[in-house]
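Each remark here refers to the structure printed beneath this line.
The values are calculated or read from the model by the stated rules, or taken from the named source; none is laboratory data. Quick caveat, the model's predicted, so the values are computed rather than measured. Here the Cβ positions follow ideal geometry from the backbone for every residue, glycine too, while neighbour counts run over all protein chains shown.
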Amino acid sequence: MDSRRAAQILRETGKLLTLSGANSFRVRAYERAAAALEGLTEDLAERVHQGPPLTELEGIGAGLAEAIVALVEQGSLDLHQELLERYPPSVLELFQVEGLGPKKLQVLVEERGIESVEALEAACRADELVDLSGFGKKTQERLLRSLAELARYRDRHLLPAARSLGEKLIGEISTWSKVIRVELAGSARRCVETVGDLDLVASMAAEDRPDVAQKLQSLDGIERVLGAGETKVSLRIEGGWQVDVRLVDEEEFASALHHFTGSKEHNIQLRGRAKERGLILNEYGLFDDREGEARHATGNRLTVADEEALYRRLDLPWIPPEMREGRGEIALAERDELPELVEVSDLRGTLHVHTDWSDGRADLETMVRTAKDLGWEYLGISDHSQAAAYAGGLTPERIREQGLAIDQLNAELEGIEILKGIECDILTDGTLDLPDDVLAELDFVVASVHSSLQMPTEQMTERLVKALQNPHVTFLGHLTGRRLLRRESYSFDWERVLRTAAQHRVIVELNAAPARLELDWRYIPAWLATGLPISIHPDAHRPAGLMDVQWGVAVARKAGVTADDVLNTRSLAGVRRWLSDRRLD
C-alpha cells in the first residue's frame with residue numbers, strides 16, 4: 001500500500017461520508033489526511049513501521065493515524081469497505097461532475113437513486129430533475145454540459161499523477177535482474193498537462209522477455225491484463241490507468257524510447273530528416289538505407305547507445321522531451337538555437353500562496369518555513385479577498401492584521417522575506433474586490449476571476465480588460481479559469497486581454513496548480529514576445545503544494561522558457577526592484 005493509493009482510499013471515504021450525511025468536520029478530516037499523504041515523499045510503509053509518528057504530519061490526528069496504519073497492514077479500510085457496500089463505486093464519478101456539490105449529490109442519490117454518471121445523464125435528458133429541491137431547467141442544462149466534458153476526459157489523468165505512477169513502476173521494474181534499462185515515455189515524459197495511457201520502455205535480452213512479461217502481470221494493483229505479447233504488455237491498473245510496457249532489445253532501446261516518447265509530429269519530422277540522409281528511423285533503430293537494404297537487417301543498423309547519439313547521427317543536438325511537439329524545435333536545433341530551459345532549481349522564491357488566513361491548510365509560519373527549507377529567498381502571501389466568502393476571504397481589516405503578522409514573522413526569521421499580497425477577485429463589472437487604498441499598501445496584487453464564469457465572450461473580455469487597467473494589479477491569476485479534466489476555460493478575446501496586460505505591464509502568471517497549468521504553454525511564446533516575463537506560482541494551499549512549481553516549470557519548458565524569462569528566478573532585490581519600477585511607470 002503506497003501513499004498514492006492510501007490517499008485515494010481516504011479521499012473516497014470522505015466523499016462517501018458526505019453522501020451518508022456525516023459531519024462536515026469528519027469529512028474534511030479525511031480530505032486533510034489524504035492531502036498529507038499525497039505530499040509524503042518517503043515510503044508510507046516505512047513511515048508506519050519505523051516512524052516518526054504519522055500524527056506529526058499536518059492534518060493527521062490520532063484516529064486517522066490508526067486508520068492509516070490499518071490500511072497499510074491490511075490493504076483496506078473497514079469504513080471504506082462498509083461505505084462501498086452501501087454505495088456502488090460508480091457513485092464516486094459523480095463527484096467529478098462540475099456544478100454538482102455534496103448537497104445536490106446527496107439529494108440525487110437518496111431521493112432518486114442516481115448512482116452513476118450514466119443514470120444522471122439519462123435523468124437530465126428525461127427532464128426528471130426539475131422538481132427536485134435545488135434543481136431546475138438551467139441546472140439540468142449545466143449538468144449536461146459538465147457530463148459532456150467529463151465524457152471527453154475519461155481515462156485521462158493529471159500530469160503529476162501520471163509521473164508519480166510512472167516513477168513508482170520504474171522504481172520496481174528497475175530492480176528486476178533481467179531488466180537492463182526502463183524509462184518513462186509517452187506524453188507523461190513530454191510533460192503534457194493531461195495523460196491518457198502511461199507508456200514505459202524496458203530493455204532486456206530476447207530470451208528474458210517471457211519472464212519479464214510474466215512478472216509485469218503480477219505487479220500490485222492490476223485489475224486486468226489487456227494483452228501480453230513478446231514486445232508489449234498492456235495492463236489495467238486501479239485508478240483507471242492503462243499502462244503499456246514495450247519490451248525491446250538493448251540495442252533498440254534508444255530508438256524505442258524516442259519513438260514512444262513522441263510526439264507524432266516530432267517523429268514524422270525527424271524521420272524525414274533521416275530519409276534525407278539515406279537513413280531509416282523507426283522504433284527498432286536507425287538504419288543505413290543508402291543501398292536499399294532491408295531496414296531491420298543487423299548489418300545496416302547504426303549504433304545509437306542513447307537519445308543523444310541518435311540525434312547526433314542526424315546532425316542535431318539532443319532535444320529535451322518537453323519540446324518535442326513538432327512546433328519548430330527541430331529547426332531551432334538545426335540552427336543550434338535551442339534555449340537553455342528553466343529548471344526548478346532556478347527559482348529563488350514564488351508568489352500566489354495561501355494560508356489558513358483564508359482557505360489554506362497551514363498557518364503563515366509553516367508555509368514560510370517550508371519555503372525557507374526549499375532554499376527560497378522570498379515567499380509572497382496572497383490569500384483570498386472578501387468576495388470569496390466561501391474561502392474565508394479577507395476584509396480590509398483582516399488584510400492589515402495579516403500584514404502585522406507578516407511584519408512580526410519577517411523580524412523573527414532570517415534567510416527569507418515574506419512579501420505581502422492578496423488574490424483579489426475581479427468582480428463582474430471588472431472592478432476589484434478591494435479599494436485602491438488597501439491595494440496600495442501591498443507589495444503585489446494577483447487579480448483573478450472566480451465567479452460568473454459563463455459570461456458572454458465580449459462581456460468577459462471587458463471585465464478582464466477593465467481589471468487590467470487598475471494600476472495596483474501586478475499579476476493576472478489563472479487566466480482562463482479552466483480546471484483540467486473538469487471544466488473548460490471561460491470565453492474571452494485572448495489577443496485583446498494579453499495585449500492589454502502587456503500595455504499595463506501586468507504579468508500573466510503561470511499558475512502551476514496541477515489542475516490549472518495556465519497560462520497555457522502554447523500561448524507563452526506570444527506572451528514573451530511582448531518583452532514581459534512570466535512568473536511561476538504554485539497557488540499553494542498547503543506546504544507540499546509549494547513544490548507544485550515543478551509542474552509550472554515543466555510546462556514552461558515545453559514553451560522553450562529560459563530562466564531569464566521568469567520573474568521569480570530573480571533575487572529578492574530583483575523582484576522588489578521590478579515591483580517598484582512597475583509602480584513608478
Original post:
Quick check: anything in segment 6-21 touching a helix residue (DSSP H, G or I) at 6+ places or on another chain (Cβ under 8 Å), crowded, with 19+ Cβ neighbours inside 10 Å, without any contact (Cβ under 8 Å) to a residue 24 or more places away in the chain and closer than 21 Å to Trp241 by Cβ?
Top reply: yes
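Yes/no matrix, rows are residues, columns are (1) crowded, with 18+ Cβ neighbours inside 10 Å; (2) under 22 Å from Ala391 (Cα atoms):
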{"residue": "Gly477", "(1), (2)": "yes, yes"}
{"residue": "Phe492", "(1), (2)": "yes, no"}
{"residue": "Glu495", "(1), (2)": "no, no"}
{"residue": "Ile507", "(1), (2)": "yes, no"}
{"residue": "Arg516", "(1), (2)": "yes, yes"}
{"residue": "Pro525", "(1), (2)": "no, no"}
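Would it be correct to say that Arg557 is in contact with a helix residue (DSSP H, G or I) (Cβ under 6 Å, 6 or more places away or on another chain) and under 30 Å from Ser263 (Cβ atoms)?
yes
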Subject >> Those residues of segment 424-447 which are surrounded by 13 or more Cβ atoms within 10 Å (Cβ to Cβ) and either free of Cβ contacts under 8 Å to residues at least 12 places away in the same chain or touching a Phe, Trp or Tyr at 6+ places or on another chain (Cβ under 9 Å) (or both), in sequence order >> reply: Phe444, Val445, Val446, Ala447
Original post:
Tell me, which helices (runs of 4 or more DSSP H) lie completely within segment 1-120 with 1 or more residues that are of a type in the set (Phe, Trp, Tyr)?
Top reply: 24-38
**OP:** Return the only residue of Ser451, Ser491 being more than 18 Å from Asp425 (Cβ to Cβ) and among the small types (Gly, Ala, Ser).
**Re:** Ser491
Original post:
Scanning segment 536-552 for residues that are touching a strand residue (DSSP E or B) at 6+ places or on another chain (Cβ under 7 Å) and not in a helix (DSSP H, G or I), which turns out farthest from Val508 (Cα to Cα)?
Top reply: Ala540
Original post:
Are any residues in segment 170-203 over 23 Å from Gly262 (Cβ atoms) and in a loop (DSSP other than H, G, I, E, B), and if so, which ones?
Top reply: Thr175, Trp176, Ser177, Lys178
Subject >> Condition broken by Leu184, with the remaining ones in (1) free of Cβ contacts under 8 Å to residues at least 24 places away in the same chain; (2) surrounded by fewer than 21 Cβ atoms within 10 Å (Cβ to Cβ) satisfied >> reply: (2)
Original post:
Can you tell me which of Gln459, Gln469 is assigned by TED's automatic domain parsing to the domain that holds Tyr490 and free of Cβ contacts under 8 Å to residues at least 24 places away in the same chain?
Top reply: Gln459
Original post:
Looking at (1) surrounded by 17 or more Cβ atoms within 10 Å (Cβ to Cβ); (2) in a helix (DSSP H, G or I); (3) at pLDDT 90 or above; (4) not small (Gly, Ala, Ser), can you tell me which one Glu167 breaks?
Top reply: (1)
Subject >> Matching residues in segment 7-19 - criterion: being modelled with pLDDT of 90 or more and more than 17 Å from Gln106 (Cβ to Cβ) >> reply: Ile9, Leu10, Arg11
**OP:** Report the residue count in segment 213-226 for those that are modelled with pLDDT of 95 or more and either buried (at least 22 other Cβ atoms within 10 Å of the Cβ) or among the small types (Gly, Ala, Ser) (or both).
**Re:** 2
**OP:** Please name all residue pairs, on different chains or six or more residues apart, with Cβ atoms under 6 Å, provided the first residue is in segment 519-537 and is assigned by TED's automatic domain parsing to the domain that holds Glu495 and the second residue is among the basic types (Lys, Arg) and at pLDDT 95 or above.
**Re:** Trp521/Lys558
Original post:
Is it fair to say Ala309 is in a helix (DSSP H, G or I), assigned by TED's automatic domain parsing to the domain that holds Gln550 and out of contact with any Asp or Glu (no Cβ under 7 Å at 6 or more places or on another chain)?
Top reply: no
Subject >> Close pairs from segment 337-355: first within 18 Å of Met367 (Cα to Cα), partner among the charged types (D, E, K, R) and assigned to a strand (DSSP E or B), Cβ under 9 Å, at least 6 apart >> reply: Gly349/Glu417; His352/Glu423; Val353/Asp383; His354/Asp383; His354/Glu423; Thr355/Asp383
Subject >> Qualifying residue in segment 286-299 (condition: acidic (Asp, Glu), in contact with a Lys or Arg (Cβ under 7 Å, 6 or more places away or on another chain), over 24 Å from Pro435 (Cα atoms) and not assigned by TED's automatic domain parsing to the domain that holds Asp443) >> reply: yes
Subject >> Only one of Glu38, Glu58, Glu66, Glu82 that is surrounded by 17 or more Cβ atoms within 10 Å (Cβ to Cβ) and farther than 26 Å from Glu172 by Cα >> reply: Glu58
Subject >> Evaluation of Val304 against (1) part of a loop (DSSP other than H, G, I, E, B); (2) without any contact (Cβ under 8 Å) to a residue 24 or more places away in the chain (one fails), failing number >> reply: (2)
Original post:
Within segment 41-55, how many residues are surrounded by fewer than 14 Cβ atoms within 10 Å (Cβ to Cβ) and either of a type in the set (Lys, Arg) or in contact (Cβ under 8 Å) with a residue 24 or more places away in the chain (or both)?
Top reply: 1
Original post:
Among the residues of segment 555-585 satisfying the criterion of being of a type in the set (Gly, Ala, Ser) and surrounded by fewer than 23 Cβ atoms within 10 Å (Cβ to Cβ), which is nearest to Val192 (Cα to Cα)?
Top reply: Ala563
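Residue by residue, here is whether (1) under 12 Å from Ile536 (Cα atoms); (2) among the aliphatic types (A, V, I, L, M); (3) surrounded by 20 or more Cβ atoms within 10 Å (Cβ to Cβ); (4) modelled with pLDDT of 95 or more holds:
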| site | (1), (2), (3), (4) |
| --- | --- |
| Val344 | yes, yes, no, yes |
| Leu351 | yes, yes, yes, yes |
| Ala362 | no, yes, yes, no |
| Glu365 | no, no, no, yes |
| Val368 | no, yes, yes, yes |
| Lys372 | no, no, no, yes |
| Trp376 | no, no, yes, yes |
| Ile381 | no, yes, yes, yes |
Subject >> Looking only at segment 147-159, and only at residues there that are surrounded by fewer than 19 Cβ atoms within 10 Å (Cβ to Cβ) and part of a helix (DSSP H, G or I), the one that is modelled with the lowest pLDDT >> reply: Tyr153
**OP:** Return a yes/no flag: does segment 375-384 have any residue that is polar (S, T, N, Q) and either farther than 18 Å from Val575 by Cβ or free of Cβ contacts under 8 Å to residues at least 24 places away in the same chain (or both).
**Re:** no
